[in-house]
Amino acid sequence: MAVVNLIGFNTGIGATDPGCALGPYLLHKHHLDKLLTARGVKTRWLSHHSVKTSSSKQLFSMLGKSLFANLARDVQFSLRHGENFITIGGDHSSAIGTWSGALNYFQGNFGLIWIDAHMDSHSRQTSPSGALHGMPLACLLGHDDIPMISSTHHKLDPVRTCLIGVRSFEPEEQKLLSELGVTIFSMKAIQKQGLAAVLTQAVEIATDMQAPFGISLDLDAIDPYDAPGVGTPVIGGVNAIELLSALKKLPSTPIGLEIAEFNPAHDRNSLTQNLIVDIIQATWQQYA
């Protein structure tokens, strides 16, 4: 049975609601690794990354650069040892470190599927909130004004980048992604084609020319009724049962999975917490 490494990103200072910093701690406390191993996905906690500051502005300093660089190194460590990884957030700024590590390892030959209610493609000039969790995709694509916090010289290829489930965004983000040629599957596309068909298309795009790929999942992509434990819920999202079914039908396995923005303070009857376990199992059990 192959080992999947769990990497905790225990910070919420990139978000407007910092409560998501407690998500990885709670999952560690409740033995996420043992729960998954019992379900057939052998996992272990590799590391936890946190930052001791209450100011989101610190993420634009050397402190932020170090945080993301350390996360990127753990991702590269996993890949060098032939092991898949799961980053557990924390806010979605974790993507800067997670996928920089993958881009470094694969020398830019890499595709990414971004499942999110939001586009996360702002710069500091266009962001209404100034929160970093709304900027990571733009940073990874190399079209932002905060390159100093990225830990790689390799950028995501927009042609191999897909967004799924977006329904809350600003015109500046849409304009940037459209100009770059990023593929976007809105909720209307999912309702028309079905999530399994959309996800299959996304894998085909991300793995163009047999490139490896990863999945970055912001839990607010899922309808708040199914996943209430998030900081920025948006109604009309992906159905949890449909998501699990689609993940089980993936045509190929991702090298890594990122699950971001789990905020225990907003969870209800552990619905979101339990769903995280189900998502990981659905993604990897058939390859374990």
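Readers should treat all values here as calculations from the given coordinates under stated rules, not as data from a laboratory. This structure is a prediction, so every number in the text was calculated from the model and none was measured. No Cβ is skipped: glycine too gets one built from the backbone with ideal geometry, and neighbour counts run over all protein chains shown.
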Using the Kyte-Doolittle scale, find the helices of the chain whose mean hydropathy is at least -0.5 and whose Cα atoms extend 15 Å or more along the helix's long axis, counting only whole DSSP H runs. 62-80, 94-105, 195-206, 271-284
Where does each of L271, L250, L132 land when they are ranked from fewest to most other beta-carbon atoms within 10 angstrom? L271, L250, L132
The chain: relative contact order in percent, alpha carbon pairs under 8 Å with at least 6 residues between: 22
Close Lys-Lys pairs in the chain, where close means Cα under 18 Å and separation is 8 or more or interchain: 6
Got a sec? Charge dipole of the chain, +1 on Cβ for Lys and Arg, -1 for Asp and Glu; which of A202, T232, G90 is way out at the positive end? G90
Can you pull out the trypsin sites (Lys or Arg not before Pro) in the range 195-288 that DSSP calls coil and that have at most 12 other Cβ atoms within 10 Å? R268
Might you report the magnitude of the Cβ-based charge dipole of the chain about its Cα centre, with Lys and Arg at +1 and Asp and Glu at -1, to the nearest 20 debye? 660
Express the Stokes-Einstein translational diffusion coefficient of the chain in µm² s⁻¹, to the nearest whole number, given a Kirkwood radius over alpha-carbon pairs, 37 °C and a viscosity of 0.692 mPa s. 180
How large is ³J(HN,Hα), in whole Hz, for each residue of the range 41-47 in order, when computed from phi with the Karplus curve 6.51 cos²θ - 1.76 cosθ + 1.60 and θ = phi - 60°, using x for Gly and Pro? 10, 6, 10, 8, 6, 8, 6
Could you tell me the center-to-center distance, by alpha carbons, between the range 1-51 and the range 222-279 in angstrom? 14
Kindly work out what percent of the DSSP beta bridges joining two residues of the chain are antiparallel, to the nearest 5. 0
